[in-house]
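Notes follow once the structure below has been shown.
The values are calculated or read from the model by the stated rules, or taken from the named source; none is laboratory data. Note that the structure is predicted; figures quoted are calculated from it, not measured. Glycine gets a Cβ as well: all are built from the backbone with ideal geometry, and neighbour counts include every protein chain shown. We work out accessible area using only protein heavy atoms, side chains counted, and drop any ligands, DNA or RNA first. Shrake-Rupley method; radii C 1.70, N 1.55, O 1.52, S 1.80 Å.
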Amino acid sequence: MGTLRNGFRKETFVLSVDVGTTSIRCHVYDKAAKIRGSCARKMTLMYPEPGRVELDPEELWREFVVVVKGAVNDSGLQMSQMEALGISTQRATFTNWNRKTGEPFHNFISWQDLRAADLVRSWNSSFTMGAVHSVMKLLHFLTRQKRFLAASLVVFSTQHVSLRLAWMLHNCPQVAVDSGICLAGSVHATDFSNASATAVFDSYQMCWSGFLCSLLSLPLSIFPIVQNTCHNFGSSDVSIFGVPIPIMCVMADQQAAMFGECCFDTGDVKITMGTGTFMDINTGNKPHTSIAGLYPLVGWKIGSEVVYVAEGNAADTGTAIKWAQELELFSDVRETEAMATSVEDSDGVCFVPSFSGLQAPLNDPGACASFMGLKPSTNKNHLVRAILESVAFRNKQLYDTMLRETCIPITKIRADGGVCTNDFIMQLTTNLLGQSISRPTHFDMSSLGAAFVAGLGVGFWTCKDDLKKLQSTECLFQPRFKTGSVKDQYKSILQSWEKALQRSMHWYNKS
């Protein structure tokens, strides 16, 4: 594949930008899926009040342009050689903006933001919600349609856009919905993977839910057009990069990571450990109906093919490790593995990683982060080990929930994200799950997934089978036990940790 210049075919490449929670990065990929150039920038999270997490839209846009130009410059290539651009975005982070001027009414409200926690609790315990559940149970009994069963079990979460958006429309007077100039989103188009993470999208009908919008008083007019994941979303303005670059993919970060890990088959699982942990299983061509908080999402829609995933997450994985570093428990994250293995156990210390509450299967936004079981003999190594163990324990909790709910045989497990570089966490997770886990050579799977989809859109790659051939594995972790089963070895430790979870729950709830 290439472009013709002066009678010669010039080699072309694919750009991919991953807009993460704490950083934004861009890579230039060649046909072998090798990275030819990169650029990354840190994003500044703002905490205007306890529980509120925001990003500056202007800073995000500036850094987006900087990383694209920086990656191409780092590659030594020309912008005219970039055949397509894919974008992977953090989900459920939103702003509202003026249709006429393009100016945002407020900062991006992060997926970690808890300002709607009281509203979530109020709605989930309301008479209206109870009535909806009862009606939907009846409809499911009469029709046996799973979408009614799903509706009978739905509960709101602070991580969903729905109630945070409702909160903003009610509390932010400059968001003039009634004037017809308010739009939600960074551009007024999105794809199915992003739309399905809002809790206002019907993944069974593949459209915005008029019922939920009506229930929450959210005008349908503010929501973007939903397109296929692989779609020409337009081209960048010439004034930005010097040449127009077709934007061939907009994809939610976790679904993009699934695609980058080539988890194309039912039963394929990927675990992304970054700022938070996200465990996803490919459920094939049917959305999963959950009772414990796993979320049914559209993985991607390419052509007529729709692939669904079920997802569970823990919000504070990398967050907890960064917090420990800021407390000077260690100076370099790479030290943590040696610190954890320098002691036989955590000395009975348990850490609850819930700075943003607890997600599936406990689903408590009012839970607090905590250390429990501290003794005079406890030292830094014990604390660090307890933190790393908590990541693996949450992984097991999510995995057990996923197995119990989906009843889908696991075909493979692949891990990615910055935290998966920690061998202690990876090996303990492997032992607890009792399954082999592959770690890729490169960890930016969200970026690679968006690049893959964009490349398929312009014929840079021809099919998913070609993409599987490009997959690389740096390490395969196998379950390793000293004696007996890992369940026996960690039974009492897990029980203590689960007790710590229970004691941390409802800490911030108003009585």
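For the range 47-92, enumerate the residues that are within 24 Å of residue 33 (Cβ to Cβ), of a type outside the set (A, V, I, L, M), part of a loop (DSSP other than H, G, I, E, B) and at pLDDT 95 or above.
76, 78
Mind listing just one residue for me: the one in the range 17-41 that is open to solvent by 20 Å² or more (accessible area, probe 1.4 Å) and in a strand (DSSP E or B) and, of those, nearest to residue 254 (Cα to Cα)?
Only one residue fits best here, namely 25.
Checking residue 261 against (1) at pLDDT below 95; (2) under 21 Å from residue 278 (Cα atoms); (3) in contact with an Asp or Glu (Cβ under 7 Å, 6 or more places away or on another chain), only one condition comes out false. Which one?
Here residue 261 clears every test but (1).
From the list 108, 127, exactly one residue is over 17 Å from residue 241 (Cβ atoms), modelled with pLDDT of 90 or more, surrounded by 21 or more Cβ atoms within 10 Å (Cβ to Cβ) and of a type in the set (A, V, I, L, M, F, W, C). Which is it?
108
Under 7 Å between Cβ atoms, which residue pairs at least 6 apart in sequence (or on different chains) link something in the range 431-445 that is at positive phi with a partner that is in a helix (DSSP H, G or I) and open to solvent by 10 Å² or more (accessible area, probe 1.4 Å)?
Note: pairs meeting the criteria are 434/486.
Can you tell me which of (1) open to solvent by 20 Å² or more (accessible area, probe 1.4 Å); (2) not in a loop (DSSP other than H, G, I, E, B) is the one residue 324 doesn't meet?
Failing condition for residue 324: (1).
Would you confirm whether any residue within the range 141-151 is closer than 17 Å to residue 224 by Cα and at pLDDT 90 or above? Please lay out each step first, then the result.
Keep residues of the range 141-151 that are closer than 17 Å to residue 224 by Cα, which gives none.
Looking through the range 141-151, none of the residues is closer than 17 Å to residue 224 by Cα and at pLDDT 90 or above.
Quick one: residue 274 ticks every box in (1) over 13 Å from the mean Cα position of the chain (by Cα); (2) open to solvent by 20 Å² or more (accessible area, probe 1.4 Å) except a single one, so which number is it?
For residue 274, the exception is condition (1).
Do we find that residue 53 is of a type in the set (A, V, I, L, M, F, W, C), buried (at least 18 other Cβ atoms within 10 Å of the Cβ) and within 17 Å of residue 25 (Cβ to Cβ) in this structure? Walk me through it before giving the result.
On the way: of a type in the set (A, V, I, L, M, F, W, C): yes; buried (at least 18 other Cβ atoms within 10 Å of the Cβ): yes; within 17 Å of residue 25 (Cβ to Cβ): no.
In short, no.
I'd like to know if the range 113-123 contains one or more residues that are open to solvent by 60 Å² or more (accessible area, probe 1.4 Å) and free of Cβ contacts under 8 Å to residues at least 60 places away in the same chain.
Step one: of the range 113-123, the residues open to solvent by 60 Å² or more (accessible area, probe 1.4 Å) are 118, 121-122.
Pick out the ones that are also free of Cβ contacts under 8 Å to residues at least 60 places away in the same chain and you get 122.
For the range 113-123, residues open to solvent by 60 Å² or more (accessible area, probe 1.4 Å) and free of Cβ contacts under 8 Å to residues at least 60 places away in the same chain: present.
Is at least one residue of the range 245-264 among the polar types (S, T, N, Q), open to solvent by 30 Å² or more (accessible area, probe 1.4 Å) and either in a strand (DSSP E or B) or closer than 26 Å to residue 25 by Cβ (or both)? Write out each step before concluding.
Filtering the range 245-264 down to residues among the polar types (S, T, N, Q) leaves 254-255.
Then keep just the ones that are open to solvent by 30 Å² or more (accessible area, probe 1.4 Å); that gives none.
Looking for residues that are among the polar types (S, T, N, Q), open to solvent by 30 Å² or more (accessible area, probe 1.4 Å) and either in a strand (DSSP E or B) or closer than 26 Å to residue 25 by Cβ (or both), one finds none in the range 245-264, hence no.
Looking at the range 332-342 only, could you name the residues that are among the hydrophobic types (A, V, I, L, M, F, W, C) and either surrounded by 16 or more Cβ atoms within 10 Å (Cβ to Cβ) or in a strand (DSSP E or B) (or both)?
Keep residues of the range 332-342 that are among the hydrophobic types (A, V, I, L, M, F, W, C), which gives 333, 338-340.
333, 339, 340, listed by residue number.
Could you tell me which of the residues 404, 394, 385 is surrounded by fewer than 19 Cβ atoms within 10 Å (Cβ to Cβ), in contact (Cβ under 8 Å) with a residue 24 or more places away in the chain and part of a helix (DSSP H, G or I)? It would help to see each step written out before you state the result.
Details: 394 fails: surrounded by fewer than 19 Cβ atoms within 10 Å (Cβ to Cβ); 385 fails: surrounded by fewer than 19 Cβ atoms within 10 Å (Cβ to Cβ).
Matching residue, one of 404, 394, 385: 404.
Yes/no matrix, rows are residues, columns are (1) open to solvent by less than 10 Å² (accessible area, probe 1.4 Å); (2) assigned to a loop (DSSP other than H, G, I, E, B); (3) free of Cβ contacts under 8 Å to residues at least 24 places away in the same chain:
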site: 306; (1), (2), (3): no, no, no
site: 319; (1), (2), (3): no, no, no
site: 328; (1), (2), (3): no, yes, yes
site: 348; (1), (2), (3): no, yes, no
site: 361; (1), (2), (3): no, yes, no
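Based on what the data block shows, is residue 80 among the polar types (S, T, N, Q), open to solvent by less than 20 Å² (accessible area, probe 1.4 Å) and under 30 Å from residue 11 (Cβ atoms)?
Here the answer is no, as residue 80 does not meet what is asked.
Name the single residue that is modelled with the lowest pLDDT among those in the range 407-426 being assigned to a strand (DSSP E or B) and surrounded by 20 or more Cβ atoms within 10 Å (Cβ to Cβ). Break it down into steps so the answer makes sense when it comes.
Taking the range 407-426 first, the residues assigned to a strand (DSSP E or B) are 412-416.
With the extra rule that they be surrounded by 20 or more Cβ atoms within 10 Å (Cβ to Cβ), the set shrinks to 413-416.
Values: 413: 98, 414: 97, 415: 97, 416: 94.
By that ranking, first place goes to 416.
Give 214, 221, 236 a once-over and let me know the one that is more than 25 Å from residue 290 (Cβ to Cβ) and open to solvent by 40 Å² or more (accessible area, probe 1.4 Å). Break it down stepwise before answering.
Details: 214 fails: more than 25 Å from residue 290 (Cβ to Cβ); 236 fails: open to solvent by 40 Å² or more (accessible area, probe 1.4 Å).
Being more than 25 Å from residue 290 (Cβ to Cβ) and open to solvent by 40 Å² or more (accessible area, probe 1.4 Å) holds for just one of 214, 221, 236, which is 221.
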